[in-house]
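In what follows, a structure is listed as structure tokens, so that the remarks can point back to it.
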Amino acid sequence: MWRYVARRVALTGLMLFGLICITFTVSNIAPSDPAALAAGPDATRDMVATIRREYGLDRPLPEQFIRYVTGVVQGDLGRSIVSTRPVTQDLARFFPATLELVVLSMLLGVGLGVPLGMMSAVLKNTAPDHLTRFAAVSLVALPAFWFGILLQLFFSVWLEWLPTSGRLEVATAPPPFVTGMYLFDSLFAGQFNTFSQALAHAALPALVLSFPCLASILRVNRAEMIEVLSADYITAARAHGIARLRVICVHALRNAMLPTLAMIGLRWGWMLGSTVLVETVFDWPGIGLYAVSSAIAGDFKPVMGVTLLIGLNFMVINLIVDLLYGVLDPRLRNAP
Amino acid sequence: MTPLLDIRDWRLAFDGFEGRAQVLDGINLTVMPGETIGIVGETGCGKSVLARSVARLVDMPPGRILGGSIHFDGQDVMAMNGAALARLRGHGIAMIFQDPMTYLNPVFSIGAQMVDVIRAHDRASGQRPRNSAAARKKAADLLGSMRLPEPAGMLDRYPHELSGGMRQRVLIAMALIGTPRLLIADEPTTALDVTIQAQVLRLIAELVAMHALTLMLISHDLGVIGALCRRVVVMYAGTIVEDGEATTVFANPRHPYTRGLLAAVPDLEKPQHRAQPIPGQIPNLLSPPSGCRFHPRCALAVEQCTRDKPVMRDVAGRSVACHLAEHA
């Protein structure tokens, strides 16, 4: 088991290196000059050259690459030309906001998707099943920016139940920094007022972000439950007199959770990389907005940093998923 | 004495894309307490579906009841509510199945699965479910009485770590948890090696004798039925064609299908007699043959067989559904 984890961690390192190579190459063949962009349209050649020297952009590419990699290993992702702050500092500010959204969305996606999938499977080909599946397809098909605006109109403008944008009211100070996720930090500091405010702000964006994830989890879980429910051991469990609810929720669900778990892992990575639309609609200061505005400005260090961070996150989540496989299914425990 | 199991004119169909297949057509079967009854027939003749309808394990849909009734110990099985059904399954009727590989849940340990059943039975009999230590103790005792080695250690093992014979013993132990009155064994040895088959059959025979169980053994193997059952019921294409004492039926079969089944068994003592297969194939139940369902394959069939459905009649000490039973 620990050997397996060690091997996976080593493999993760290798994959991250690959990721660095790709992002570095792409950043450098992109036809834009970060130094010129940073210097502004009225800058003289000398000013641009100064900036280029300052950021080490005048060095040969291999040297820049080695510098960057050494930096990454030491936890230095370079400096953003636009914000002039170190990328790690920016990420520490923006990433928790996105992570908060993604965690909340994932909780919604799993918490609704799994039970709805189970219900759909048990009531296969009845009205509730058709309705659930129709809703699921619709949720995937609706574009996030459009649906987000619709929800804003309904819940924030008409009903005035929820705020339209941001993470907190303007007048409210953020809770003391622990993780940067306001929901967690406010609870940690015992500021329940701030917590409920943060929750109200996060509700709509998390809901919109969770829909595609919810729908795919629902569909995978439904398909898998239908298959498992027709398995021989389910017939046997029923013949042994075990109550129907327990057969479905314990005996069948644990078998059906394996593919659902894989879907959760994939969706996690997908959500981290696709928050930008939701962040734009709800004015949520996360890494999606940060990455896109940096890319538009031709500021590549932040883009590379965000890519690495999402990549690392994706790999860690999938390692956890693989380890959970072993917890759920004893047949996989001794596998190499 | 009231019969333990009373099946009357039981007719069951499955609805599918191609139409409705009537897999059980007017089954009448009465089983008295303490009987050992073997149900024999080709694959697809409806013997497993019959066994599953008794414990109400046929899913509806795709299953559909066209008529008839099933009473267990005087109670209408089809009218049972959740609590009565929980008592029926395991307490009244227990089942063991064909393929022990697939009838144990792969992701739970043997102990967890047994404890679950033990506690379900506590609940069904109106007691507070015993705690997990007591349930594990009972599970280990049961496994020990199945002559499984190291029963306590067995509890923490998973199905994939056991051999087929061990798994079947675990399944038998699970079936006996609720001290059932009727044990339905659906092809319990078909998936096992021949040597293991003999052991498992002997175990079943001992348990039937020890607990005074009523046994309903389903098999396509006449030898298995002859070894364990006093009464035999022969099924063909969703109907019962012959029903009587095993010795009587085997010595002097009256239905042409029973004769065909017996002739298809190779006889080691008379090697010059080659086993005779029954010509033709089992009928498509989407459009079953008219009259006697066996007539297209029957060498003796006359015009009446294609027209009239034969009813069960007492002939020569057993019941048989054949127009020509007296002449055979």
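The values are calculated or read from the model by the stated rules, or taken from the named source; none is laboratory data. Since the model is a prediction, treat every value here as computed from it, not as a measurement. Counting neighbours? That spans all protein chains shown, and the Cβs are built from the backbone with ideal geometry, glycine included. Note: areas computed on protein heavy atoms with side chains; ligands, DNA, RNA excluded. Shrake-Rupley method; radii C 1.70, N 1.55, O 1.52, S 1.80 Å.
Which condition number does residue B:33 fail, the rest of (1) assigned to a loop (DSSP other than H, G, I, E, B); (2) over 18 Å from residue B:184 (Cα atoms) being met?
(2)
Pick from B:67, B:38, B:90: which is buried (at least 23 other Cβ atoms within 10 Å of the Cβ), more than 14 Å from the chain's Cα centre (by Cα) and outside any loop (DSSP other than H, G, I, E, B)? Break it down into steps so the answer makes sense when it comes.
Numbers: B:67 fails: buried (at least 23 other Cβ atoms within 10 Å of the Cβ); B:38 fails: more than 14 Å from the chain's Cα centre (by Cα).
Exactly one residue qualifies, and that residue is B:90.
Can you find, within region B:41-56, the residue that is nearest to the other protein chains (Cβ to nearest Cβ) among those that are surrounded by fewer than 23 Cβ atoms within 10 Å (Cβ to Cβ) and hydroxyl-bearing (Ser, Thr, Tyr)? Break it down stepwise before answering.
Let us first name the residues in region B:41-56 that are surrounded by fewer than 23 Cβ atoms within 10 Å (Cβ to Cβ), namely B:42-44, B:48-49, B:52, B:56.
Subsequent filtering for residues that are hydroxyl-bearing (Ser, Thr, Tyr) retains B:43, B:48.
Values: B:43: 16, B:48: 10 Å.
Checked region B:41-56; the qualifying residue nearest to the other protein chains (Cβ to nearest Cβ) is B:48.
Scan B:59, B:99 and give me the residue that is out of contact with any Pro (no Cβ under 7 Å at 6 or more places or on another chain), part of a loop (DSSP other than H, G, I, E, B), without any contact (Cβ under 8 Å) to a residue 12 or more places away in the chain and within 14 Å of chain A (Cβ to nearest Cβ).
Values: B:99 fails: without any contact (Cβ under 8 Å) to a residue 12 or more places away in the chain.
Just a single option satisfies the conditions, and that option is B:59.
Here is a check on your reading of the model: is residue A:298 over 18 Å from residue A:5 (Cβ atoms), more than 14 Å from every other protein chain (Cβ to nearest Cβ), at pLDDT below 90 and not in a helix (DSSP H, G or I)?
On the way: over 18 Å from residue A:5 (Cβ atoms): yes; more than 14 Å from every other protein chain (Cβ to nearest Cβ): yes; at pLDDT below 90: yes; not in a helix (DSSP H, G or I): yes.
In short, yes.
Among the residues of region B:157-189 satisfying the criterion of being among the hydroxyl-bearing types (Ser, Thr, Tyr) and touching a helix residue (DSSP H, G or I) at 6+ places or on another chain (Cβ under 6 Å), which is nearest to the other protein chains (Cβ to nearest Cβ)?
Step one: filter region B:157-189 for residues among the hydroxyl-bearing types (Ser, Thr, Tyr), giving B:158, B:163, B:179, B:189.
Narrowing the set further to residues that are touching a helix residue (DSSP H, G or I) at 6+ places or on another chain (Cβ under 6 Å) leaves B:158, B:189.
Working: B:158: 4, B:189: 16 Å.
Residue satisfying both the conditions and the ranking: B:158.
Taking region B:233-260, which residues are in contact with a Lys or Arg (Cβ under 9 Å, 6 or more places away or on another chain) and aliphatic (A, V, I, L, M)?
If the condition is that a residue be in contact with a Lys or Arg (Cβ under 9 Å, 6 or more places away or on another chain) and aliphatic (A, V, I, L, M), then B:233, B:235, B:237, B:241, B:246, B:249 are the ones that fit.
A quick yes/no check of all residues on (1) touching a Lys or Arg at 6+ places or on another chain (Cβ under 7 Å); (2) crowded, with 19+ Cβ neighbours inside 10 Å; (3) free of Cβ contacts under 8 Å to residues at least 60 places away in the same chain:
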residue: A:276; (1), (2), (3): no, yes, yes
residue: A:281; (1), (2), (3): no, yes, no
residue: A:294; (1), (2), (3): no, yes, no
residue: A:310; (1), (2), (3): no, yes, yes
residue: A:323; (1), (2), (3): no, no, no
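Between B:202, B:254, which is charged (D, E, K, R) and under 30 Å from residue B:305 (Cα atoms)?
B:254
If you check A:206, A:198, which single one turns out to be open to solvent by less than 40 Å² (accessible area, probe 1.4 Å), under 15 Å from the mean Cα position of the chain (by Cα) and not β-branched (Val, Ile, Thr)?
On the way: A:198 fails: under 15 Å from the mean Cα position of the chain (by Cα).
So the residue among A:206, A:198 that is open to solvent by less than 40 Å² (accessible area, probe 1.4 Å), under 15 Å from the mean Cα position of the chain (by Cα) and not β-branched (Val, Ile, Thr) is A:206.
Which is within 17 Å of residue B:120 (Cβ to Cβ) and either more than 9 Å from every other protein chain (Cβ to nearest Cβ) or open to solvent by 30 Å² or more (accessible area, probe 1.4 Å) (or both), of A:238, A:219, A:267?
Numbers: A:219 fails: within 17 Å of residue B:120 (Cβ to Cβ); A:267 fails: within 17 Å of residue B:120 (Cβ to Cβ).
Just one listed residue meets the conditions, A:238.
Check residue A:98 against each of (1) among the polar types (S, T, N, Q); (2) buried (at least 20 other Cβ atoms within 10 Å of the Cβ); (3) modelled with pLDDT under 90 and name the one condition it does not meet.
Failed condition: (3).
Filter region B:1-25 down to residues that are assigned to a loop (DSSP other than H, G, I, E, B) and under 25 Å from residue B:73 (Cβ atoms) and give me whichever is most open to solvent (accessible area, probe 1.4 Å). Step through it out loud before you land on a result.
Residues of region B:1-25 assigned to a loop (DSSP other than H, G, I, E, B): B:1-4, B:17-18.
Checking the rest, the ones that are also under 25 Å from residue B:73 (Cβ atoms) come to B:1-4.
Working: B:1: 176, B:2: 93, B:3: 35, B:4: 2 Å².
The extreme case among them is B:1.
Considering each of A:57, A:77, A:61, A:112 in turn, give the residue that is crowded, with 20+ Cβ neighbours inside 10 Å and not polar (S, T, N, Q).
Details: A:57 fails: crowded, with 20+ Cβ neighbours inside 10 Å; A:61 fails: crowded, with 20+ Cβ neighbours inside 10 Å; A:112 fails: crowded, with 20+ Cβ neighbours inside 10 Å.
Just one listed residue meets the conditions, A:77.
Kindly establish whether residue A:245 is farther than 21 Å from residue B:83 by Cβ, within 12 Å of chain B (Cβ to nearest Cβ) and either open to solvent by 10 Å² or more (accessible area, probe 1.4 Å) or free of Cβ contacts under 8 Å to residues at least 40 places away in the same chain (or both).
Details: farther than 21 Å from residue B:83 by Cβ: no; within 12 Å of chain B (Cβ to nearest Cβ): yes; either open to solvent by 10 Å² or more (accessible area, probe 1.4 Å) or free of Cβ contacts under 8 Å to residues at least 40 places away in the same chain (or both): yes.
So residue A:245 does not fit the description; no.
Are any residues in region B:102-112 facing another protein chain (nearest Cβ under 8 Å) and either crowded, with 21+ Cβ neighbours inside 10 Å or touching a Leu at 6+ places or on another chain (Cβ under 7 Å) (or both), and if so, which ones?
Initial filter on region B:102-112 (facing another protein chain (nearest Cβ under 8 Å)): B:102-109.
B:103, B:104, B:105, B:107, B:108, B:109 - these are the residues of region B:102-112 that are facing another protein chain (nearest Cβ under 8 Å) and either crowded, with 21+ Cβ neighbours inside 10 Å or touching a Leu at 6+ places or on another chain (Cβ under 7 Å) (or both).
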